[in-house]
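Asks: I have a structure here, written as structure tokens, and I will follow up with some questions on it.
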Amino acid sequence: MSNILVISPVATHPPTAGNQTRIYELTRLLKRLGHVVDFMHIERDVSDVSLMRAEWKDRYLRVPYTKPRNVFANFKRKVAQKLGLGCAYRYGIDDWYDSATDDHIQNFVSNNQVDVVIVEYVFMSRALLKLPAHIFKIIDTHDVMANRDERFTANNIHPTWFSCSQRQETKALNRADVVIAIQNQEAKYFSSTTNTKVVTVGHPVKLYRAPADQIINGRILLISSANSINVESAHWLINAVLPLIQQKCPNAELAIGGTICHRLTAAPGVRLLGRLDELPPIYASAQVVVNPMRFGTGLKIKSIEALGHARPLITTTCGSEGLDPSRLDVLQIADEPELFAQAVIELLKEPKSAIEMGERGYRYAERFNAEIEESIKSIIT
């Protein structure tokens, strides 16, 4: 059993986005394996303090965050943006790190037994630098941040969140004893840039075998947060795919849940469910689950979550990243509107096949979780 301190710029509650869910489920797994976990939230984002305290009790530490002021670096980025240069949206690896955080970490480590520290995201890696030598240091990367902005601009979307150069990302990875990648493709990439040990630890999915008798015939389900990639993907689904489905299945309904709803408008055949506090009943109502991700990296948590709820999944090549692409018995992959629509139509017209596919997906998710548990055991004893 180890005493683990998780340092995160993202709260676990309310779990309205994939990264929050990933952090929460990973910490739940650590606790289930017998470890003691403290959660230090560096308050870059807004959290529900009452929910955090209810979940973490006396293991919850709030650390105020002040955005560092780097006038010269900000000026350089603004000039680069006007000139259209490739570095326009990239940061230094420590640009988002509030140096006052160090005092809070050192105070906690000095007064508590800490065997392992896990920092969430490479831009929090500076937190590892002043830790005592006996503490095992881990970075949970979530995503490749090197040149991340290019994936946005290539799709005509303004870059959001964090992006840096490969050199800066490698600088962060070298600070850890172990780097966690969320899927194998990214693990291979990280291993090519650092000598630090890299281990794949996917997203532990909460399993719920949704009963078939609660399915609403014709319901197609999308659950999503409100980031720009998800919004663009939802627009593609609504405008390019849904009309093709409705031609063959006039009673089909696209139900959309999650924080993305406040960035979408109602349309014929589209039901906006809003923020969801309980996912199992919503998944249980779906005949088909879709994840229309057009681009991005990391593991698409929406995809493995659908399989973990025993519902058939139609997704894109991007949406299947981190899963076994050969397993067409548990998911179907389509990148063109016509092929995506046809895959959905076939499952809507063959409800028995949809249920069977969902059950195979559930068993896949069980094995997926077992592999994650073994990976964690290989890192933390």
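Asks: Can you run down the residue pairs with Cβ atoms below 6 Å, 6 or more apart or on separate chains, where the first is in segment 41-53 and among the β-branched types (V, I, T) and the partner is assigned to a helix (DSSP H, G or I)?
Replies: I42/T101
Asks: Still on this structure, please answer the following. For residues that are charged (D, E, K, R) and part of a strand (DSSP E or B), tally how many sit in segment 194-214. Outline the logic, then answer.
Replies: Restricting attention to segment 194-214, the residues satisfying the condition of being charged (D, E, K, R) are 197, 206, 209, 213.
Cutting the leftovers down to part of a strand (DSSP E or B) gives us 197.
Number satisfying all stated conditions: 1.
Asks: Considering only residues that are assigned to a loop (DSSP other than H, G, I, E, B) and at negative phi, which ones fall in segment 108-134?
Replies: Once the filter is applied, which keeps residues that are assigned to a loop (DSSP other than H, G, I, E, B) and at negative phi, segment 108-134 yields N112, Q113, V114, D115, L129, K130, L131, P132, A133, H134.
Asks: Tell me which residues, restricted to segment 5-58, are under 22 Å from D98 (Cβ atoms) and aliphatic (A, V, I, L, M).
Replies: Passing the criteria: L5, V6, I7, V10, A11, A17, I23, M40, I42, V46, V49, M52.
Asks: Any idea which of (1) buried (at least 20 other Cβ atoms within 10 Å of the Cβ); (2) touching a Leu at 6+ places or on another chain (Cβ under 8 Å); (3) polar (S, T, N, Q) is the one T193 doesn't satisfy?
Replies: All conditions pass for T193, except number (1).
Asks: Right, another one. When the residues of segment 22-41 are narrowed to those that are in contact with a helix residue (DSSP H, G or I) (Cβ under 6 Å, 6 or more places away or on another chain) and of a type outside the set (D, E, K, R), which ends up surrounded by the most Cβ atoms within 10 Å (Cβ to Cβ)?
Replies: Per the criteria, the residue is F39.
Asks: Of all residues in segment 11-58, which are aliphatic (A, V, I, L, M), modelled with pLDDT of 95 or more and within 17 Å of the chain's Cα centre (by Cα)?
Replies: A11, I23, L26, L29
Asks: So is H142 part of a loop (DSSP other than H, G, I, E, B) and crowded, with 19+ Cβ neighbours inside 10 Å or not?
Replies: Criteria met by H142.
Asks: What number of residues within segment 145-161 satisfy the criterion of being outside any helix (DSSP H, G or I) and either more than 24 Å from S191 (Cβ to Cβ) or not hydrophobic (A, V, I, L, M, F, W, C) (or both)?
Replies: Qualifying residue count for the region: 8.
Asks: If you check R175 against the conditions, is it outside any loop (DSSP other than H, G, I, E, B) and basic (K, R)?
Replies: Against the criterion (outside any loop (DSSP other than H, G, I, E, B) and basic (K, R)), R175 does not qualify.
Asks: Can you find a residue that is without any contact (Cβ under 8 Å) to a residue 40 or more places away in the chain, of a type in the set (G, A, S), out of contact with any strand residue (DSSP E or B) (no Cβ under 6 Å at 6 or more places or on another chain) and more than 24 Å from D45 (Cα to Cα) anywhere in segment 120-133?
Replies: Yes, segment 120-133 contains a residue that is without any contact (Cβ under 8 Å) to a residue 40 or more places away in the chain, of a type in the set (G, A, S), out of contact with any strand residue (DSSP E or B) (no Cβ under 6 Å at 6 or more places or on another chain) and more than 24 Å from D45 (Cα to Cα).
Asks: If you don't mind, there's one more thing I want to ask. Of all residues in segment 308-336, how many are of a type outside the set (S, T, N, Q) and farther than 24 Å from I216 by Cβ?
Replies: So the count comes out to 12.
Asks: Same structure again: Can you report the number of residues in segment 226-242 which are at pLDDT below 90 and over 14 Å from F295 (Cβ atoms)? Spell out the reasoning first.
Replies: In the first step, residues of segment 226-242 are kept if they are at pLDDT below 90; the result is 226-229.
Checking which are over 14 Å from F295 (Cβ atoms) leaves us with 226.
Final tally of qualifying residues: 1.
Asks: Those residues that are outside any helix (DSSP H, G or I) and within 30 Å of I23 (Cα to Cα), I need them from segment 220-255; list them, please. Please lay out each step first, then the result.
Replies: So the first thing to find is which residues in segment 220-255 are outside any helix (DSSP H, G or I), and the list is 220-227, 249-255.
Correct list: I220, L221, L222, I223, S224, S225, A226, N227, L254, A255.
Asks: Let me ask you something else. Yes or no: segment 140-157 includes at least one residue that is closer than 23 Å to Q113 by Cβ and either over 19 Å from the mean Cα position of the chain (by Cα) or of a type outside the set (D, E, K, R) (or both).
Replies: Looking for residues that are closer than 23 Å to Q113 by Cβ and either over 19 Å from the mean Cα position of the chain (by Cα) or of a type outside the set (D, E, K, R) (or both), one finds none in segment 140-157, hence no.
Asks: Kindly indicate whether A267 is touching a Lys or Arg at 6+ places or on another chain (Cβ under 6 Å), of a type in the set (A, V, I, L, M) and not in a helix (DSSP H, G or I). Can you show your working first?
Replies: Numbers: touching a Lys or Arg at 6+ places or on another chain (Cβ under 6 Å): no; of a type in the set (A, V, I, L, M): yes; not in a helix (DSSP H, G or I): yes.
No.
Asks: Here's a follow-up. How many residues does segment 185-241 contain that are in contact (Cβ under 8 Å) with a residue 24 or more places away in the chain and acidic (D, E)?
Replies: Number satisfying all stated conditions: 2.
The values are calculated or read from the model by the stated rules, or taken from the named source; none is laboratory data. For clarity, every value in this text was computed on a predicted model and none was experimentally measured. Backbone-built Cβ (ideal geometry, glycine too); neighbour counts: all protein chains shown.
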